[in-house]
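See below for the structure under consideration.
Rule-based calculations on the coordinates, nothing more; no lab input. Keep in mind the model is a prediction, meaning the values are calculated, not measured. Positions of Cβ are backbone-derived with ideal geometry, glycine not excepted, and every protein chain shown enters the neighbour counts.
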Amino acid sequence: MNPTTHTLPTHNLDMISVETARTLDGLFRERVRRSPHATAYRDYDVSEEIWRDYTWDDMANAVKRWQMALSQENLSPGDRVAVMARNCPQWVMFEQAALGLGLVVVPLYTEDRAENAAWCLDNAGTALLLLENMTRWEAMNEAMTGLQQLKRIVILDASPEDVRQTGDKRAIALQDWLPETPGDIPSVQNDPHVLATIIYTSGTTGRPKGVMLSHNNILSNAYSSAQVVTVRPDDVLLSFLPLSHTFERTAGYYVPMLCGATVAYARSIRQLQDDLLIIRPTILISVPRIYERIYAGIQAKLAEGPAISRLLFKLAVDIGYSRFERQQKRVGWRISHLLWPLLDKLVARKVMEKLGGRLWQVMSGGAALSPEISRVFIGLGLPILQGYGLTETSPVVCANRLDDNLPSSVGRPAPGVEVRLGEQNALLIRGPNVMLGYWNNPEATHAILSADGWLNSGDTASIDAQSRVTITGRLKDIIVTSTGEKIPPADMEAAILRDPIFEQVMIVGEGRSYLSALTVLSKRGWEVVATHCNAKNDPHALACDEYAEEIILEKIARQISGFPGYAKVHRALLISEPWTVENEMLTPTLKLKRKKIYEHYQGEIDQLYASR
């Protein structure tokens with residue numbers, strides 16, 4: 001399939017081209033040159049209790065200080081440095097300083113398990129780590145003890161005295177590490193195709209794989225994305241997805257830099273509602289989980305209110321969505337559309353005001369968005385643009401556009417990206433955004449990437465006559481949660497089954513915010529649970545016992561402690577009858593019939609999540 005070309009709108013003429021930027025640090029320097037006094041970032045200063053603005057010129061001076069500090073660490077181009085901190089301007093300062101010196105940045109999730117994060121640091125051979133605070137230090141300290149290549153640990157929010165008390169000579173407080181005045185360290189003239197970052201993503205062995213992305217991989221993808229979704233210099237984006245997430249890093253960090261927009265960093269997910277009202281963003285980038293939370297809040301409020309409110313809400317969504325379909329030229333005008341001004345005033349505008357009142361487009365990626373949730377928001381006047389991508393593709397492959405938005409699909413390929421269907425309708429991807437390979441894992445690289453550059457996504461798809469892609473399934477059993485994390489259930493199940501109390505296990509959580517486990521216990525397992533519960537060994541009764549579930553969750557947690565932090569099981573369903581070939585839950589070769597099992601226990605699974 002040929003890539004689609006698009007004409008840039010006039011208000012995007014300040015967009016920096018790939019050729020001008022050449023590298024990610026080159027992009028930053030060019031943005032500073034073009035917009036030195038414009039607001040680049042907005043962040044909440046906890047000590048002063050105020051929102052603080054940083055201009056591009058402020059950022060440039062700060063990056064020089066960080067670059068000078070890094071240059072004193074005896075690092076060479078190609079060395080790996082890691083960051084494990086919340087989204088903030090200092091995250092950007094650190095990365096830009098590192099990239100300017102030719103270093104390779106390894107982003108880590110702040111909430112990841114210490115053992116998993118330490119494994120990634122060791123696998124990448126990381127020489128320096130930026131940690132957020134002493135709480136994170138205490139969580140990571142023991143796991144980092146044996147990391148011989150890690151020579152320096154810089155702690156962002158910590159007093160020098162607290163750091164000295166750790167007794168670790170590698171550790172230093174940021175204020176002791178940074179020079180007081182910026183130096184003038186010349187940036188390395190990087191080849192755009194050299195390694196810029198290693199991003200660890202779930203692997204099929206339970207251990208993450210390090211996705212190697214070059215400057216050009218990310219830069220070309222950011223430029224393509226900016227042609228799909230218009231970002232203007234006067235736009236404000238509210239950033240709350242972690243910058244260790246590829247979607248946020250490309251779409252919520254480099255695209256705004258490319259276009260000269262402002263990024264405001266949310267204080268926390270808990271304070272997101274307040275921050276929406278304070279920052280009043282014009283663009284939002286999120287995984288489905290955030291839209292699910294907002295939707296759930298709306299539904300809960302409607303359930304408590306009068307019936308007339310529910311009726312008006314439904315009418316607003318129905319007529320609003322019909323207007324959207326007309327705007328997309330899929331249906332004609334209807335007389336019911338005359339009611340929209342009233343419904344907009346009574347319903348839609350009130351919902352939009354709670355989101356800040358200025359949103360004109362929002363993006364959803366990382367996992368599939370429920371059609372019902374998409375329909376509600378679009379019907380209320382908020383155009384959600386769903387897209388599709390992988391860490392291995394920097395990440396954007398396809399996306400809907402404002403003037404070509406089919407919510408049931410993930411849209412057409414981004415400019416410069418090619419897609420086609422392979423064996424079993426596997427979606428194959430080729431373009432400048434496709435990764436260099438997996439770090440120190442040539443076997444995994446060859447398994448997914450062909451000699452002529454086609455990457456097998458592992459997802460099955462269909463492609464219509466207008467080049468729109470619809471994801472139809474997966475070649476491998478990978479669970480994608482509503483937060484966008486990809487988790488191989490078979491590896492977790494194998495780990496859980498190491499405990500003899502389990503006879504059979506199936507992990508579920510597709511499109512949900514967390515994982516649950518369907519568990520069939522062994523004869524011995526039921527005896528153990530009955531003893532702990534001080535109850536009769538009656539599987540049917542124990543399956544409904546809340547304390548029995550707690551026991552099972554503790555057993556599961558012990559077995560999967562080596563998996564990434566997001567691969568945690570929060571609920572467990574105890575099943576009293578084993579799965580067999582006879583009851584059609586197993587294949588003749590005794591493999592789980594996942595779809596069949598899920599359908600059989602659909603009601604119980606739904607109840608698990610509803611009662612959370």
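Quick notes
- Of C259, C533, C398, the sequence from fewest to most neighbouring Cβ atoms within 10 angstrom is C533, C259, C398.
- Look at E248, E292 and count the other Cβ atoms within 10 Å of each Cβ; fewest to most, that gives E292, E248.
- Computed on the Cα atoms alone, the convex hull of the chain gives a volume of 184 cubic angstrom per residue.
- By the rule of a C-alpha distance below 21 Å, with chain neighbours fewer than 8 residues away ignored, the lysines paired with K523 are K536, K555, K591.
- Placing +1 on each Lys and Arg Cβ and -1 on each Asp and Glu Cβ, with no other charges, gives the chain a dipole about its Cα centre of roughly 1520 debye.
- Fewest-first ranking of D79, D234, D112, using other Cβ atoms within 10 Å as the exposure measure: D234, D79, D112
- The tail of the calculated P(r) for the stretch 313-454 beyond 18 Å holds 64 percent of all Cα-Cα pairs.
- Packing, as the average of other Cβ atoms within 10 Å across residues, places the peptides 187-200, 470-483, 83-96 in the order 83-96, 187-200, 470-483, highest first.
- Beta bridges assigned by DSSP with both partners in the chain are antiparallel in approximately 50 percent of cases.
- The chain, relative contact order [Cα under 8 Å, separation at least 6], %: 12 percent
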